[in-house]
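Peer 1: Sharing a structure with you now.
The values are calculated or read from the model by the stated rules, or taken from the named source; none is laboratory data. Keep in mind that what you see is a predicted model, and the values were worked out from it rather than measured. Quick reminder, even Gly has a Cβ in these numbers, built from the backbone with ideal geometry, and neighbours come from all protein chains shown. Just so you know, the surface numbers come from the protein's heavy atoms only, side chains and all, with ligands and any DNA or RNA stripped out. Shrake-Rupley method; radii C 1.70, N 1.55, O 1.52, S 1.80 Å.
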Amino acid sequence: MQRHHTRATILSTLFMGLGQIYNRQFIKGFIFLIVEALSLTYFIQNLGRAVWGIVTLGTTSQHFEKVKGIAKLVKGDHSIFILIQSLITIIFFVLFLIAWYMNIRDARNTGAARDAGHTPGNFKQSIRYILDYKFAQTFLILPSVGILLFTVMPIIFMVMLAFTNYSAPNHMPPAKLVDWVGFETFRSLLLLKSWSHTFYGVLTWTIIWAVLSTVTTYFGGMLVAMLISQQGVRFKGIWRAILIIPYAIPQMISLLLMRNLFNGQFGPINQYLKFFGLGGLPWLTDPFWAKVTVIVVNMWVGIPVSMLLIMGVLTTIPRDMYEAAEVDGATNYQKFRIITLPMVLFSTAPTLIAQFAGNINNFNAIFLLTNGNPVNGNYQYAGSTDLLVTWLYKLTLDQNKYSMASAVGIIIFLIVATFSIYNYRRTKSFQEEDMIQ
């Protein structure tokens, strides 16, 4: 009895490509041989240092040494560079292990085909098989590598930073080394009074902001869409064009314009109020009015988006349903509650969840309008209107508190991911899609 699959498996386990060569697939075998030879050359030089780097984050800090009576600067280990290089090497090692496993599986399957009396395909036939049956998977390799290097790896790096003490001014390489501190950063953020007061205050406002901004823009857009769609309303196209202008204008321009309109006692809004004898309001300098301002301005920017979305849904609701409700004597409110609202929510629930998640991370609205101000003396590097994401920005770029910013980033991810997955799975559109499958 032939045992080609066993021999091919053993050979491929010992060295990539040997099993393919044994199966008389010489070109494929030599490609695997070259891949392993290059990989071994790279890992022999770098894998040991990568493990050392991940464990220690460096052992020598930058310092001065006297050489013949002259102080000479000795460059130390840069902990962050070591961490990045080590992470890249380990990711490459994981990819190599995946390729090694694929090489073994390929050799085993080809050997099993030989045992069954089939002739192994040559390199040209293998290419043809990939193009005919595995084209989609093969085509996705390049974008998958891009996602791994430019999305997954930075996320892993951010998570690792949260477990270090990488922060100004005491632990900034190369002058000072960075060390692993476990969950100390999270403990400080959640329990240490100076940090926890800021975190819970900013988190509370972030949730309030996300709820109010989502509800106001969604139901505001629904109200406008229903008003325009009413029978008897003339010039619907003109109304739609006028109301879509805030959405058509770049958001940055709209927010900076609004910032100037609400700015101080001499801003145009306050000038109009004073003209009518109402007096001015501290729109951007008082914590309460600053929060009111950002919510109102967000409605100006966000309602047109919801209006367009809901107007499209309203056109899909059969007119017969409203006519039947009228025959049964339903009022306008009953028609809205029983017909319009359920059908609109059914179609737009996933989008509504996405809007809520997006508002938690709505950096532009806060940063461009108030920059997180007014200043709150009880907070650590945060203002009264800062969201978690804008606070994270200030911690990173203004204060160099990288470990704390990474911890905040992880918490933002957990909040958004948990909320989105849980609520999306509870929507009727998801449940009916799952039943169809």
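Peer 1: Taking only C-alpha pairs under 8 Å that are 6+ residues apart, what is the relative contact order of the chain in percent?
Peer 2: Reported as a whole number, the value is 16 percent.
Peer 1: I need the peptides 234-242, 355-363, 51-59, 118-126 ranked by packing, meaning the mean over residues of other C-beta atoms within 10 angstrom, with the highest value on top.
Peer 2: Packing order, densest peptide first, comes out as 355-363, 51-59, 118-126, 234-242.
Peer 1: Continuing with this model, one more query. Taking +1 at the Cβ of each Lys and Arg and -1 at the Cβ of each Asp and Glu, which of VAL178, SER86, ASN359 sits farthest along the dipole of the chain towards its positive end, judged by Cα position relative to the Cα centre?
Peer 2: SER86
Peer 1: Next question. Evaluate the charge dipole of the chain about its Cα centre and quote only its size in Debye, nearest 20, assuming +1 on the Cβ of each Lys and Arg and -1 on the Cβ of each Asp and Glu.
Peer 2: Magnitude of the dipole: close to 940 debye.
Peer 1: Please compute the per residue accessible area over the stretch 236-383 with all protein chains in place, 1.4 Å probe, rounded to a whole number of Å².
Peer 2: Per-residue accessible area for the stretch 236-383 comes out at 56 Å².
Peer 1: Please compute, over every Cα-Cα pair in the stretch 166-312, the percentage with a separation greater than 25 angstrom.
Peer 2: 55
Peer 1: Nearest 0.05, what FRET efficiency do TYR422 and LYS68 give at R0 = 60 Å with Cβ-Cβ as r?
Peer 2: That gives a FRET efficiency of 0.30.
Peer 1: Can you tell me how much longer the chain between VAL327 and VAL94 gets when fully stretched, taken as 0.36 nm per residue apart minus their C-alpha distance, in nm with one decimal?
Peer 2: That works out to 77.2 nm of additional length.
Peer 1: At MET252 and ASN364, where each label point lies 7 Å from the Cα along Cα→Cβ, what is the point-to-point distance in nanometres?
Peer 2: With each label point 7 Å from Cα toward Cβ, the separation is 0.9 nm.
Peer 1: If each DSSP helix of 4+ residues adds -39,500 (n - 2.57) and the sum is divided by the residues in the chain, what number results at 222 nm, nearest 500 deg cm²/dmol?
Peer 2: -22000 deg cm²/dmol
Peer 1: How long are the semi-axes of the ellipsoid equivalent to the stretch 258-327, from square roots of 5 times the Cα gyration tensor eigenvalues, in whole Å, largest first?
Peer 2: 41, 14, 10
Peer 1: Taking all protein chains in place and a 1.4 Å probe, what share, in percent, of the accessible surface of the stretch 41-107 do carbon and sulfur account for?
Peer 2: Using a 1.4 Å probe with all protein chains present, the stretch 41-107 comes out at 67 percent carbon and sulfur.
Peer 1: So for the chain, considering every pair of alpha-carbon atoms, how many percent are separated by more than 40 Å?
Peer 2: 47
Peer 1: Continuing with the same structure: Can you find, among SER188, LEU281, ILE249, the residue farthest towards the positive end of the dipole of the chain? Put +1 on the C-beta of Lys and Arg, -1 on that of Asp and Glu.
Peer 2: Towards the positive end, the residue furthest out is SER188.
Peer 1: Suppose the chain between LYS274 and ARG128 were pulled fully straight at 0.36 nm per residue; how much longer would it get relative to their current alpha carbon spacing?
Peer 2: 44.8 nm
Peer 1: Explain nothing, just the number: dipole magnitude of the stretch 1-148 about its Cα centre with +1 on each Lys and Arg Cβ and -1 on each Asp and Glu Cβ, in debye rounded to the nearest 20.
Peer 2: Roughly 240 debye for the stretch 1-148.
Peer 1: Would you mind telling me the share, in percent, of accessible area of the stretch 172-323 contributed by carbon and sulfur at probe 1.4 angstrom?
Peer 2: Answer for the stretch 172-323: carbon and sulfur cover 72 percent of the accessible area.
Peer 1: With a Förster radius of 30 Å, plug the Cβ-Cβ distance of LEU345 and ILE208 into 1/(1 + (r/R0)^6) and report the FRET value to the nearest 0.05.
Peer 2: Result of the calculation: an efficiency of 0.85.
Peer 1: Let me ask something else about it. For TRP239 and LEU148, calculate 0.36 nm times their separation in residues minus their Cα-Cα distance, and state this gained length in nm to one decimal.
Peer 2: Gain in length upon complete extension: 28.2 nm.
Peer 1: Taking only protein heavy atoms into account and a 1.4 Å probe, give the accessible area per residue of the stretch 73-172 in Å².
Peer 2: 64
Peer 1: Just how far, in whole angstrom, is the stretch 18-91 from the stretch 263-294 if you go by their alpha carbon centroids?
Peer 2: Cα centroid of the stretch 263-294 versus Cα centroid of the stretch 18-91: 59 Å apart.
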